[in-house]
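To start, the structure under review is shown below, and the notes come after it.
Each reported figure results from applying straightforward, stated rules to the coordinates on display, with no laboratory input. If you're wondering where the values come from, they're calculated on a predicted model, not measured in any experiment. Neighbour counts are summed over all protein chains in view; Cβ atoms, including those assigned to glycine, are modelled from backbone coordinates with ideal geometry.
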Amino acid sequence: MLHCAQNVIQVEAKTAELKQQYEEKLAMKEDLRKKAEFNEMMLQRASQLVDGLAGERERWLITVKASTLLLSSLGLSAHE
């Protein structure tokens with residue numbers, strides 16, 4: 001009977017240990033899920049920023065060309 005009681009105590013101890021590990025892993029999983037969600041949001045924002053900057057570059061190139069043409073038509077150079 002003593003042997004059975006020891007086995008039960010060992011099984012209960014192992015069960016408690018596994019339950020604790022399970023809870024820790026669940027917490028870790030939730031933390032990683034939140035970090036992944038945050039990183040996804042940051043990637044989307046970065047993509048929007050890069051797209052916006054690319055559009056801004058195009059606008060600046062058009063402005064420079066138009067200004068250069070205007071200066072040329074006035075007989076001036078952009079490098080004077």
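Observations on the model:
- Global form of segment 26-71, assessed from the alpha-carbon gyration tensor, a/c cut-off 1.5: prolate
- Lys-Lys pairs in the chain that are eight or more residues apart or on separate chains and whose Cα atoms lie under 23 Å of each other come to 6.
- Overall, the chain carries a charge dipole of about 100 debye about its Cα centre when +1 sits on the Cβ of Lys and Arg and -1 on the Cβ of Asp and Glu, all other atoms neutral.
- Semi-axis lengths, largest first, of the ellipsoid equivalent to the chain are 74, 8, 4 Å, with √(5λ) applied to each eigenvalue of the Cα gyration tensor.
- Length gained when the stretch LEU43-GLN6 is fully extended (0.36 nm per residue, less Cα-Cα span): 7.8 nm
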